[in-house]
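Notes follow the structure.
The values are calculated or read from the model by the stated rules, or taken from the named source; none is laboratory data. Not measured: the values here are computed from a predicted model. Don't worry about glycine lacking a Cβ; one is built from the backbone with ideal geometry, like all the others, and counts go over all protein chains shown. For accessibility, only protein heavy atoms count, side chains too; no ligands or nucleic acids. Shrake-Rupley method; radii C 1.70, N 1.55, O 1.52, S 1.80 Å.
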Amino acid sequence: MKKSVLTITLNPSVDKSSSVSNIIPEKKLRCNPPKYEAGGGGINVSRALKRLGVNSDAFFTSGGRTGKLLESLLQDEQVNIRPFYVTAETRENFTVLDTSNNKQYRFGFPGELLTKEEQNEILNRVEEVNPFPDFVVISGSLPAETDPNFMKQLVNMCKSKGSKVVIDTSGEALKTAVEEGVFILKPNIGELAILVGKDKLEEDDVDQAAQLIISQGKAEVVVVSLGSQGAVLFSANEKIKIEAPPVEVKSTVGAGDSMVAGMVSVLVKGGDYKKVLSMGIACGSATTMAEGTGLFIKENVERLFDEIWKL
């Protein structure tokens, strides 16, 4: 029996992407028509899960005209949405490709502050979800100036409901989340270093750092992203390292979120950790093949997964 999934995005966005030839300062640039897509960590996870045939509920903050556009974009993709209405306008991000050299420029804007009342109501609304999901994916940044302890409260509440929490965030929000203990943690090497109190980690130090987090009860599973080199999964009894397949990279937007979705798509079906990591890497790699802010094509995921699985 498949498990249920709720994704939570506290700082969503509408991602606008375009392209132009030869970016030059102070020159008026005639861009190609823009493309609009729903964005933000958990939202991208829900979008990617939908492409993999896994339904989820997407809980996210929504405000103003941009928030309405965000909701419409998700409904067009047939994602089950649970918008939480806030007073501030939902943010936008902008990505532009310079076609003269194939370089991509990414501009991310901060989200507006969630009021204390909104933060409390978000906790109440999530707690009222019934039936409560088997997995909760909390992914993406917090809006500017949001108290990181809010993330701690959110993780604690989801765990108290019996959910397995998957966390993919950064900064103080990441540190406070793992203090509560989560099921899966997906840091890069730099984030892993911060979590164990180091300025940096060499590749040989990654094993020890990940196992320290697990032994301290901060995560049951640690998946360390190595970018184009793949990823390594640690549990109390396993270490699984898988290299990413070679692909033509067009954009890295959404690759990390797609990796999380790939892993969760296997977890809900009860797959083992090797398959979890393999599908995560296949989805992340397939998304880098898409232009702008687009996510993967399912056929590419299936092909890459077969390549990885045969290694």
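When Rg and Dmax are taken over the Cα atoms of region 186-236, they come to 9.8, 29 Å. Its Cα centre serving as origin, region 270-311 has a Cβ charge dipole (Lys and Arg +1, Asp and Glu -1) of approximately 140 debye.
Please identify every one of the GluC sites (Glu not before Pro) in region 137-196 that sits in a loop by DSSP and has no more than 16 other beta carbons within 10 Å of its own beta carbon. Within region 137-196, the qualifying GluC sites (Glu not before Pro) (loop, at most 16 other Cβ atoms within 10 Å) are 145. Under the combined filter of DSSP loop state and at most 14 neighbouring Cβ atoms within 10 Å, region 256-311 retains these trypsin sites (Lys or Arg not before Pro): 269. Considering only alpha-carbon pairs that sit under 8 angstrom and 6 or more positions apart, the relative contact order computed for region 211-298 is 26 percent. Tally Lys and Arg at +1 and Asp and Glu at -1 over the other residues with C-beta under 10 Å from the C-beta of residue 59: what net charge comes out? The answer is +1. Normalise the Debye intensity by I(0) for region 91-222, one equal point scatterer per Cα, no solvent, then take log10 at q = 0.09, 0.17, 0.18 Å⁻¹ and round to two decimals. Listed by q, the Debye log ratios stand at -0.34, -0.97, -1.03.
Taking the helices alone, the chain has a mean residue ellipticity at 222 nm of -11500 deg cm²/dmol, built from -39,500 (n - 2.57) per DSSP H run of at least 4 residues and averaged over all its residues. Would you mind computing, in nm to one decimal, how far apart the modelled labels at residue 116 and residue 272 are, each placed 7 Å from Cα along Cα→Cβ? So the two model labels end up 5.2 nm from each other. Across region 265-311, the relative contact order, built from alpha-carbon pairs under 8 Å that are at least six residues apart, equals 33 percent. Computed about its Cα centre, the charge dipole of region 39-114 is approximately 160 debye, with only Lys, Arg, Asp and Glu carrying charge at their Cβ. Charge dipole (Cα centre; +1 on Lys/Arg Cβ, -1 on Asp/Glu Cβ; no other charges) of the chain amounts to roughly 640 debye.
Among the GluC sites (Glu not before Pro) in region 1-108, those located in a DSSP loop and surrounded by at most 11 other Cβ atoms within 10 Å of their own Cβ are 26.
Ordered from highest to lowest accessible area with the whole protein assembly present and a 1.4 Å probe, 30, 125, 47 read as 30, 125, 47. The value of relative contact order for region 238-286, using C-alpha pairs under 8 Å at least six residues apart, is 49 percent.
Note down the net charge around residue 206, summing +1 for each Lys or Arg and -1 for each Asp or Glu among other residues with Cβ under 12 Å from its Cβ. Surrounding charge for residue 206 is -2. Surface composition of the chain: carbon plus sulfur atoms contribute 47% of the solvent-accessible area (1.4 Å probe, protein chains only, all chains present). Taking the alpha carbon gyration tensor of region 188-311, multiplying each eigenvalue by 5 and rooting it gives semi-axes of 25, 17, 12 Å, largest first. Solvent-accessible area per residue in region 192-311 equals 47 Å², computed with a 1.4 angstrom probe and all protein chains kept. Under a straight-distance cross-link criterion of Cα-Cα below 24 Å, which lysines are reachable from residue 298, leaving out those fewer than 8 residues away in the same chain? Of all the lysines, those that pass the test against residue 298 - Cα under 24 Å, at least 8 places apart if same chain - are 2, 3, 16, 35, 50, 186, 241, 250, 269, 274, 275, 310. Judged by the ratio a/c of the largest to the smallest principal axis of the C-alpha gyration tensor, region 153-214 counts as prolate, that ratio being 1.5 or greater while a/b is larger than b/c. With the convex hull of the Cα atoms taken as the outline of region 1-79, the averaged projected area works out to 6.9 nm².
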